[in-house]
């Protein structure tokens with residue numbers, strides 16, 4: 001995705017202020033690739049569709065992060 005200053009497009013909101021993220025925005029925010037998102041779809045947060053767009057709510061992303069943290073803690077206890 002090209003930077004807005006290069007394309008001349010204006011950003012109307014910050015990604016942090018959004019109530020829902022596109023898959024690209026979610027992946028960029030969590031520093032994972034889109035390919036990894038779709039490869040591990042069952043482990044990723046719930047999505048919903050608005051028209052043809054696939055979005056992830058802020059709450060679903062927070063719940064996903066919490067689940068991942070709990071899974072990491074459980075793995076540490078086992079090791």
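The values are calculated or read from the model by the stated rules, or taken from the named source; none is laboratory data. On a predicted model such as this, the values are computed, not experimentally measured, just so you know. Here the Cβ positions follow ideal geometry from the backbone for every residue, glycine too, while neighbour counts run over all protein chains shown.
Looking only at segment 2-34, residues that are out of contact with any helix residue (DSSP H, G or I) (no Cβ under 9 Å at 6 or more places or on another chain) and either modelled with pLDDT of 95 or more or within 19 Å of residue 63 (Cβ to Cβ) (or both) come to 2 in all.
For segment 13-60, the strands (runs of 3 or more DSSP E) that sit wholly inside it and include 2 or more residues that are in contact with a strand residue (DSSP E or B) (Cβ under 6 Å, 6 or more places away or on another chain) and either under 22 Å from residue 71 (Cβ atoms) or touching a residue at least 24 places away in the same chain (Cβ under 8 Å) (or both) are 20-22, 53-57.
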